[in-house]
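The values are calculated or read from the model by the stated rules, or taken from the named source; none is laboratory data. Note that this is a predicted model, so its numbers are computed, not measured. All Cβ positions, glycine included, derive from the backbone under ideal geometry; neighbour counts span all protein chains shown. Please note that ligands, DNA and RNA were not included when accessible areas were found on the heavy atoms of the full protein model with its side chains. Shrake-Rupley method; radii C 1.70, N 1.55, O 1.52, S 1.80 Å.
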Amino acid sequence: GDSVTQMEGPVTLSEEAFLTINCTYTATGYPSLFWYVQYPGEGLQLLLKATKADDKGSNKGFEATYRKETTSFHLEKGSVQVSDSAVYFCARRTGNNRKLIWGLGTSLAVNP
Amino acid sequence: DAGITQSPRYKITETGRQVTLMCHQTWSHSYMFWYRQDLGHGLRLIYYSAAADITDKGEVPDGYVVSRSKTENFPLTLESATRSQTSVYFCASRETGVTDTQYFGPGTRLTVL
């Protein structure tokens, strides 16, 4: 069935390091793709999205490119900060446009 | 306050008791969702609603009941709580149409003893 797979965490980085969190999906067609972020003690919030192949979503220094060839939507940031410590979720839209299919989440800890 | 709120934020109950978690949104969004978040399982959809009086099951609906008599409210009831329902519960909403963005409440941490 349709699914979203993220790299397992936790990921621990030093401040100013480069971040990549891998996300791949299975789907029929080209669904919209999303990254959500959950800061400690809070609900999830949308970080960025891409609605079609080759689109690049970006926000707060994070970027992800919709790669249909590799069915991937990897999250990247060139220089992470302590404030980026959070859990990151990759998701895709379902075919009937009513729900999202979620990855399991990747925990990121950034040390000063 | 505008947005999506959940109450209570923390709840401790005993096995077999009925518990209702409340969710309220001020945007008049058509869609509302209930998720539970557990370590190792990520987010799992319990129930969702496309409009008032329209609800549908998600991945893990057993042991839960929902209703939606008003657009802005979407309560989740555990009719007879079990220890396996100890979790963090999130409510979310979104508009109908092209946008897919879901807006999440702050969550309710439920402990069943």
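Numbers at a glance
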quantity	calculated
Burial ranking of peptide ranges A:11-20, A:55-64 (average Cβ count within 10 Å, highest at the top)	A:55-64, A:11-20
Whichever lysines have a C-alpha closer than 19 Å to that of A:Lys52, once near sequence neighbours (fewer than 8 apart) are set aside	A:Lys68, A:Lys99
Spin-label pair A:Ser14/B:Arg17, simplified geometry with 7 Å Cα→Cβ offset, distance in nm	5.0 nm
Rough spin-label spacing in nm, given labels placed 7 Å along Cα→Cβ, for A:Val82 and B:Asn73	4.4 nm
Hull-based mean projected area of segment B:39-113, where the convex hull spans the alpha carbons, in square nanometres	5.6 nm²
Debye intensity ratio in log₁₀ form over the Cα atoms of chain A, taken at each q of 0.10, 0.12, 0.22 Å⁻¹	-0.26, -0.38, -1.21
For the protein assembly as shown, the fraction of alpha-carbon pairs in successive 10 Å shells from zero, as %	8, 33, 34, 20, 5, 0
Trypsin sites (Lys or Arg not before Pro) lying in DSSP loop within segment B:1-73, provided at most 11 other Cβ fall within 10 Å	B:Lys70
Solvent accessible area, Å² - A:Tyr25, 1.4 Å probe, full protein context	10 Å²
